[in-house]
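Okay, so here's the structure we're looking at.
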Amino acid sequence: MKGSRDLLEQLGYPSTDLKELPTSTKTFPDGAQYRIELPSVEGPTALKETLKEIDRLGLTIHRISQGSGIMLQTDEEIKEMCEMTAERGMELSLFVGPRGSWDVSAGPLTPGGKSQGIRHEGSDQLVYAMEDLKRGAALGLRGALVADEGLLLLTKEMKKCGQLPEDFVVKVSVQMGSANPVSVKIMEDIGADTYNVPPALTLSKLAAIRQSINIPIDLYVEVPDTFGGFLRYYEIPEIIRVLAPVYIKFGLRNHPDVYPSGKQWENTNISLAQERVRRAAIGIQMIERYYPEAKISKLGAEGLGIAKIEKAAAK
């Protein structure tokens, strides 16, 4: 194996998983090691209840993300979510749609074709996704999730030619699936601003990825059942030490698949959102107990995709 390992090292990559778990010296632009993310906040009603629960528990949450997507929200709903997060200095990240699993193709429904379900099929779906991004940005949005390599590269080109703002944060979804230092570095090179790594990777594998990239890593510490249902709460302090800069992401085990969401799931979404905030409180207490010196970003920090309300109003 020496020749293979030597080539990896010559190319600037770790040649083995980093079992010694080195402390990361990388940080967010403000010098912080970690930020907190709450996913699957499906729409303004769920967001309102999420913010109430955050206030009740006195938590600092940096990013709100959502899975149903820009496409399935009205302009008014997107503006409302932008306003609620922007006034607190929080990032809002909405998924891009449509994806393969929402199209007429049968491929994503087959056992061997599931991985294509979150990608955009054909040129027309790429155009639809680009229009989703432009619509969101025009309404003030400054963050979105993508799960297709082609669209990711296009976001980089869209920024260059002015079709997307330069400060628009492109977050790569966990569904992309890249899981080694070389593949994740490719994601960084073609436009990823943050990357959600597969949640089942060991810390030694994740450490090798961290050594190879500079962008923030997003990692579920409680994982939805569709990705394994793992609970990694006691690992949070080491995750921060080894993977900084990192978004600690609180999903939820034992919950229904609510995508694509809407009024039919509203009461369920509210209860799920409230429980995610509670889970975040548990995780934050873990950090305070075992790694109190870890540096957390303040709300409004540089690099957060905070919506631009003034520009949205001007539009």
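The values are calculated or read from the model by the stated rules, or taken from the named source; none is laboratory data. A quick note: this is a predicted structure, and the numbers were derived from the prediction, not measured. Note that each Cβ is placed from the backbone with ideal geometry, even for glycine, and that neighbours are counted across all protein chains shown. Side chains are part of the model used for accessible areas, which takes the heavy atoms of the whole protein and leaves out ligands, DNA and RNA. Shrake-Rupley method; radii C 1.70, N 1.55, O 1.52, S 1.80 Å.
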Original post:
Are any of the residues in the range 42-60 of a type in the set (A, V, I, L, M), within 29 Å of Leu139 (Cβ to Cβ) and in contact with a His (Cβ under 7 Å, 6 or more places away or on another chain)?
Top reply: no
Original post:
Going by the structure shown, is Ala46 open to solvent by less than 50 Å² (accessible area, probe 1.4 Å) and assigned to a loop (DSSP other than H, G, I, E, B)?
Top reply: no
Original post:
Just checking, how many residues over the range 159-218 are open to solvent by 10 Å² or more (accessible area, probe 1.4 Å) and among the hydroxyl-bearing types (Ser, Thr, Tyr)?
Top reply: 5
**OP:** Evaluate the following for Glu87: is it at pLDDT 95 or above, touching a His at 6+ places or on another chain (Cβ under 8 Å), acidic (Asp, Glu) and under 20 Å from Ile64 (Cβ atoms)?
**Re:** no
Original post:
Could you count how many residues in the range 52-85 are open to solvent by less than 10 Å² (accessible area, probe 1.4 Å), part of a helix (DSSP H, G or I) and aliphatic (A, V, I, L, M)?
Top reply: 4
Subject >> Among residues of the range 170-212, those that are closer than 12 Å to Asp17 by Cα and of a type in the set (Lys, Arg), counted >> reply: 2
Subject >> Given (1) modelled with pLDDT of 95 or more; (2) touching a strand residue (DSSP E or B) at 6+ places or on another chain (Cβ under 9 Å); (3) surrounded by fewer than 16 Cβ atoms within 10 Å (Cβ to Cβ), number of the condition Phe227 does not satisfy >> reply: (1)
Original post:
Quick one: is Arg88 more than 23 Å from Val146 (Cβ to Cβ) and either basic (Lys, Arg) or crowded, with 18+ Cβ neighbours inside 10 Å (or both)?
Top reply: yes
